[in-house]
1. Inside the stretch 68-82, can you point out the residues that are loosely packed, with under 11 Cβ neighbours inside 10 Å and either in contact with a Cys (Cβ under 6 Å, 6 or more places away or on another chain) or within 20 Å of Q126 (Cα to Cα) (or both)?
2. Filter the stretch 1-29 for residues that are in contact with a Leu (Cβ under 9 Å, 6 or more places away or on another chain) and either among the acidic types (D, E) or without any contact (Cβ under 8 Å) to a residue 24 or more places away in the chain (or both) and give the result.
3. Criterion first (in a strand (DSSP E or B) and touching a Leu at 6+ places or on another chain (Cβ under 6 Å)) does I121 satisfy it?
4. Could you go through the stretch 64-82 and let me know if any residue there is in a helix (DSSP H, G or I), at pLDDT 95 or above, at negative phi and not basic (K, R).
5. Restrict the check to the stretch 95-107 and report whether at least one residue is assigned to a loop (DSSP other than H, G, I, E, B), more than 21 Å from S68 (Cβ to Cβ) and touching an Asp or Glu at 6+ places or on another chain (Cβ under 8 Å).
6. Enumerate the pairs (first residue in the stretch 42-67 and surrounded by 14 or more Cβ atoms within 10 Å (Cβ to Cβ) and of a type in the set (A, V, I, L, M); second residue anywhere and at pLDDT 90 or above and not in a strand (DSSP E or B)) with beta-carbon separation below 8 Å, excluding pairs fewer than 6 apart on the same chain, so at least 6 apart or on different chains.
7. Is there any pair with a first residue in the stretch 82-106 that is touching a residue at least 12 places away in the same chain (Cβ under 8 Å) and under 16 Å from D22 (Cα atoms) and a second that is among the aliphatic types (A, V, I, L, M) and in a helix (DSSP H, G or I) whose Cβ atoms are under 6 Å apart and which are 6 or more apart or on different chains, and what are they?
Amino acid sequence: MKLKYTIMYVENVAKTLEFYRDAFGFSINFLHESGDYGELKTGETTLSFSSLELMNQLGKGAVKPTPSAPTFEIAFETDHVEQQLNQALDAGAELVQAVEEMPWGQTTAYVHDINGYLVEICSPVQL
């Protein structure tokens, strides 16, 4: 078994795909003609987005995330944390934590995406 998809529920799938393309450099792999589902090219595990409306129609009880109480974070690893943070901010992300050097040998920064999801931008851990 392997982890194949992470699907985040959002108001506007197309706009979210464009944000992640512009903020983090991912290519858009697919957007369904309905606009209710799309995927990014992110490696072995696909980062996908589905509309809140569709998920609620399917009875999944989807709710919009709230920046004041995130229930999870998504993390992107890079050797260029500050550069990636600036790119995300230019694309419309909201700063949560500026670049910091952590005691365990990692550089981190945090933003909220355009939907309110918490996104970590981090370097590999230096052991």
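1. Going residue by residue through the stretch 68-82, those that are loosely packed, with under 11 Cβ neighbours inside 10 Å are 68-69, 71-72, 79.
D79 - this is the single residue of the stretch 68-82 that is loosely packed, with under 11 Cβ neighbours inside 10 Å and either in contact with a Cys (Cβ under 6 Å, 6 or more places away or on another chain) or within 20 Å of Q126 (Cα to Cα) (or both).
2. At the first step, the residues of the stretch 1-29 found to be in contact with a Leu (Cβ under 9 Å, 6 or more places away or on another chain) are 5-11, 13-14, 17, 20-21, 23-24, 26-29.
Correct list: E11, R21, F26, S27, I28, N29.
3. yes
4. There is at least one residue in the stretch 64-82 that is in a helix (DSSP H, G or I), at pLDDT 95 or above, at negative phi and not basic (K, R).
5. Among the residues of the stretch 95-107, not one is assigned to a loop (DSSP other than H, G, I, E, B), more than 21 Å from S68 (Cβ to Cβ) and touching an Asp or Glu at 6+ places or on another chain (Cβ under 8 Å), which makes the answer no.
6. So the pair list comes out as L47/Y20; L47/F26; L52/E11; L54/S34; L54/D36.
7. Final answer for the pair search is A88/A23; A91/A23; A93/A23.
The values are calculated or read from the model by the stated rules, or taken from the named source; none is laboratory data. As the structure is a computational prediction, the values presented were derived from the model and not from experiment. Virtual Cβ from ideal backbone geometry, glycine too; neighbours counted across all protein chains shown.
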